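Before I ask anything, here is the structure I am working with.
The values are calculated or read from the model by the stated rules, or taken from the named source; none is laboratory data. Since the model is a prediction, treat every value here as computed from it, not as a measurement. Please note: Cβ atoms are built from the backbone with ideal geometry, for glycine as well, and neighbour counts cover all protein chains shown. Quick note on the areas: whole protein, heavy atoms, side chains included, nothing else; ligands and nucleic acids left out. Shrake-Rupley method; radii C 1.70, N 1.55, O 1.52, S 1.80 Å.
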Amino acid sequence: MRRESVRVQAAELFEQEVKPAEGARRLRVSAKSAYQWHQLWRDGGVQALASRGPAGSRCRLSPRCLEKLAAYLDEGPAAHGWVEDQVWTASRVVTLIGRKFHVSYSVSGATRLMHRLGFSPQVPARRVAERDEQAGSRPLGWCIAGHSVIRL
């Protein structure tokens with residue numbers, strides 16, 4: 001991980017008594033970052049500069065639940081009570097997660113979860129006769145090889 005290696009390089013410079021401003025110049029980082037790293041290094045050594053993992057909240061679904069969710073999505077919306085059409089919407093995915101796993105997700109959280117599962121937004125292959133101007137040009141679906149299309 002590049003960021004962590006730069007912080008380790010900064011610690012090596014601090015050990016050589018290089019000032020944070022000079023370290024920032026040498027490592028091509030902001031002086032603010034260098035001063036923050038220097039403070040962390042002074043208080044906790046090189047270990048204090050180690051990566052704390054990815055930012056953001058952790059996934060609320062276990063890996064096993066994520067596998068089950070992918071299987072549920074493959075079954076299609078009709079298998080879960082949506083018979084109007086065979087299209088998954090993000091709000092339907094939120095409802096499905098709530099029903100099956102008793103976990104609350106927002107529509108945007110479900111969208112990020114679909115990205116994590118490898119789904120990507122898909123644009124319709126053909127033009128619509130009457131376009132909804134409010135919908136704009138946003139992608140309308142989610143797709144992954146071997147999975148159902150999920151529409152936003």
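If a residue has to be open to solvent by 90 Å² or more (accessible area, probe 1.4 Å) and assigned to a helix (DSSP H, G or I) to count, how many in the range 1-33 make the cut?
Here is the first cut: in the range 1-33, the residues open to solvent by 90 Å² or more (accessible area, probe 1.4 Å) are 1-3, 12, 15-17, 19, 25-26, 28, 32.
Going one step further and asking which of them are assigned to a helix (DSSP H, G or I), we end up with 2-3, 12, 15, 25-26, 32.
Qualifying residue count, the range 1-33: 7.
For the range 45-54, give me each residue that is open to solvent by less than 50 Å² (accessible area, probe 1.4 Å) and either at pLDDT 95 or above or not in a helix (DSSP H, G or I) (or both). Lay out the reasoning, then the answer.
Residues of the range 45-54 that are open to solvent by less than 50 Å² (accessible area, probe 1.4 Å), as a first pass: 45, 48-51, 53.
Gly45, Ala50, Ser51, Gly53, listed by residue number.
So, one more: Working only within the range 89-105, note down all residues that are open to solvent by 60 Å² or more (accessible area, probe 1.4 Å) and polar (S, T, N, Q).
Step one: of the range 89-105, the residues open to solvent by 60 Å² or more (accessible area, probe 1.4 Å) are 91, 99-100, 102, 104.
Result: Ser91, Ser104.
If you don't mind, another one. So if I check each of Gln36, Gln86, which one is in contact (Cβ under 8 Å) with a residue 24 or more places away in the chain and open to solvent by 60 Å² or more (accessible area, probe 1.4 Å)? Please lay out each step first, then the result.
Numbers: Gln36 fails: in contact (Cβ under 8 Å) with a residue 24 or more places away in the chain.
Exactly one of Gln36, Gln86 is in contact (Cβ under 8 Å) with a residue 24 or more places away in the chain and open to solvent by 60 Å² or more (accessible area, probe 1.4 Å), namely Gln86.
Taking only the range 55-74 into account, find how many residues are free of Cβ contacts under 8 Å to residues at least 40 places away in the same chain and either of a type in the set (Asp, Glu) or assigned to a helix (DSSP H, G or I) (or both). Step through it out loud before you land on a result.
Residues of the range 55-74 that are free of Cβ contacts under 8 Å to residues at least 40 places away in the same chain, as a first pass: 55-58, 62-65, 67-68, 71-72.
Checking which are either of a type in the set (Asp, Glu) or assigned to a helix (DSSP H, G or I) (or both) leaves us with 63-65, 67-68, 71-72.
Total meeting the criteria: 7.
Oh, and also: How many of the residues in the range 80-107 are part of a helix (DSSP H, G or I) and in contact with a helix residue (DSSP H, G or I) (Cβ under 8 Å, 6 or more places away or on another chain)?
Narrowing the range 80-107 to residues part of a helix (DSSP H, G or I): 80, 90-101, 107.
From what is left, the residues that are in contact with a helix residue (DSSP H, G or I) (Cβ under 8 Å, 6 or more places away or on another chain) are 80, 90-94, 96-97, 99-101, 107.
Within the range 80-107, residues that are part of a helix (DSSP H, G or I) and in contact with a helix residue (DSSP H, G or I) (Cβ under 8 Å, 6 or more places away or on another chain) number 12.
Go over the candidates Glu12, Glu84, Glu17 one by one and state the one that is acidic (Asp, Glu) and modelled with pLDDT under 90. Please lay out each step first, then the result.
Details: Glu12 fails: modelled with pLDDT under 90; Glu17 fails: modelled with pLDDT under 90.
Just one listed residue meets the conditions, Glu84.
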